[in-house]
Structure formats: structure tokens, C-alpha cells
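Undergrad: Encoded as C-alpha cells, here's the structure I'll be asking about.
The values are calculated or read from the model by the stated rules, or taken from the named source; none is laboratory data. Computed from a prediction, not measured in an experiment: that's the story for all the values here. Methodologically, a virtual Cβ is constructed for each residue, glycine included, from the backbone with ideal geometry; neighbour enumeration extends over all protein chains shown. Ligands, DNA and RNA are excluded from the accessible area calculation, which covers all protein heavy atoms including side chains. Shrake-Rupley method; radii C 1.70, N 1.55, O 1.52, S 1.80 Å.
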Amino acid sequence: FHMLKNLMLGTAASTIDMALLGVEDLDAFKSSFDIIFFMGIIYHHQDPLGILKRLKASLKKGGTAVIETAVIDHKLPIALTPRKTYSGARGFWFVPSNSCLENWLWRSGFQNIRQCSTSLLETEEQRKTEMVFGNSLEEGIDTNNESLTVEGYPRLHRSIYLAG
């Protein structure tokens, strides 16, 4: 909340318009948004740099993207490319390290890149509910080594970035 409040200082509440859009809608909104929340999307796409370029192009000059994503804990700027599943789930194409994500943001045209937080993704956050199809996070963690997934990959972390 405080991060959002600081971003919106000086903005009258009556002038805030919100829209729920998908990345496929971004091309219709060049230089349109002051702030875009991009939550848990990048690792589900085959072209992360193309998505980030579209995101950057949709921001007004001086606009900010709030990017929340899964990352792996690694010092090198690398991205994990799971063969079939990651933590028992399909749909993961690339899971970057933080330095890899920062490089992707920079190469996509973002200048002001700031990591706000990173933490281990906990099982309470990705638990089994009636809305979850397939495995929960707990089922995707190696029972003999909680730092690994069932496939032997590094366990997910969650990072939040501000980029403009």
C-alpha cells in the first residue's frame, strides 16, 4: 500500500481510472498509462522481451510499471527453461534470476529499474483451493529437499520491481 501511495502522491482520487486488461490488449494503448500492474505474467509467455517492450510502450512518459514475478535465486543473469513442468505445473516458459529480469527490463527500454522486494514463495500463498487446477505449490516441492521442486529445479522466489 505504501509503495502505491508514494507513486500516486499528488493524484486526486477522482481522476483515477482503472482497467483490467491482458497483455494482448497493450498494442491498442500506446503511451496511455501512468501506472501498470503486471502481476505474475512474464514467466507464462514465450517472448518475455517482446511482452516487456509492449508494456513499456503502453506507459506514458514518466509512467511506472509494477512488476511482480516468479524468479529463481541465482547470482548470474540466467533464466531457467523448464522442459515440461515447473513445480508440477505446466505453462512456465522462462523463470529468470533477478539480474536476468533486470537485464530484460533494461533491454526492453526501461531506464529506472528498482527492486522493491524478493522472498521465497511460501506454500500458504499457493495453496490448494477449488480454483487451483492441478498441483499446489506444496505438492510441487521436493519432500527430501525443500529448496528444490519435484523436477529438481530451484524453488520459486517472488520479486517485485518498479520500472519506468
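Undergrad: Taking the residues in segment 15-35 that are in contact with a strand residue (DSSP E or B) (Cβ under 8 Å, 6 or more places away or on another chain) and assigned to a loop (DSSP other than H, G, I, E, B) as candidates, determine which candidate is most open to solvent (accessible area, probe 1.4 Å).
TA: The selected residue is 31.
Undergrad: Based on this model, can you work out whether residue 11 counts as hydroxyl-bearing (Ser, Thr, Tyr), modelled with pLDDT of 95 or more and either loosely packed, with under 10 Cβ neighbours inside 10 Å or outside any helix (DSSP H, G or I) (or both)?
TA: Taking the combined requirement at face value, the residue does not satisfy it.
Undergrad: Same structure again: Please work out which residue is farthest from residue 159 (Cα to Cα), limiting yourself to segment 52-68 and to residues that are outside any strand (DSSP E or B) and open to solvent by less than 10 Å² (accessible area, probe 1.4 Å).
TA: Ranking the qualifying residues of segment 52-68, first place goes to 58.
Undergrad: Identify the residue in segment 130-142 that is open to solvent by 80 Å² or more (accessible area, probe 1.4 Å) and modelled with pLDDT of 75 or more and, among all such residues, is nearest to residue 120 (Cα to Cα).
TA: Out of the qualifying residues, it is 138.
Undergrad: Restricting to segment 69-86, and then to whatever is over 11 Å from residue 43 (Cβ atoms) and not hydrophobic (A, V, I, L, M, F, W, C), can you tell me which residue is most open to solvent (accessible area, probe 1.4 Å)?
TA: 83
Undergrad: Something else about it: Within segment 39-51, take every residue that is open to solvent by less than 60 Å² (accessible area, probe 1.4 Å) and of a type in the set (A, V, I, L, M) and give me the one that is farthest from residue 105 (Cα to Cα).
TA: In this case the residue turns out to be 41.
Undergrad: Still on this structure, I have one more. Tally time: how many residues in segment 69-81 are under 17 Å from residue 158 (Cβ atoms) and not charged (D, E, K, R)?
TA: Total satisfying the criteria: 7.
Undergrad: Regarding residue 145, is this residue modelled with pLDDT of 95 or more and of a type outside the set (A, V, I, L, M)?
TA: Here the answer is yes, as residue 145 does meet what is asked.
Undergrad: If you scan segment 49-87, which residues turn out to be touching an Asp or Glu at 6+ places or on another chain (Cβ under 9 Å) and among the hydrophobic types (A, V, I, L, M, F, W, C)?
TA: Listed by number, the residues that qualify are 57, 59.
Undergrad: Give me the pairs, please: first residue somewhere in segment 46-65 and without any contact (Cβ under 8 Å) to a residue 40 or more places away in the chain, second residue anywhere and part of a strand (DSSP E or B), beta-carbon distance under 8 Å, and either six or more positions apart or on two chains.
TA: 58/33; 58/36; 60/33; 60/34
Undergrad: I'm checking my understanding of the structure. Among residues of segment 103-125 that are within 11 Å of residue 161 (Cα to Cα) and polar (S, T, N, Q), which one is farthest from the chain's Cα centre (by Cα)?
TA: 112
Undergrad: Output the residues belonging to segment 91-120 that are part of a strand (DSSP E or B) and more than 20 Å from residue 146 (Cα to Cα).
TA: 113, 114, 115, 116, 117
Undergrad: Same structure again: Tell me, yes or no, whether segment 73-90 has at least one residue that is of a type in the set (Gly, Ala, Ser), modelled with pLDDT under 95 and farther than 30 Å from residue 150 by Cα.
TA: no
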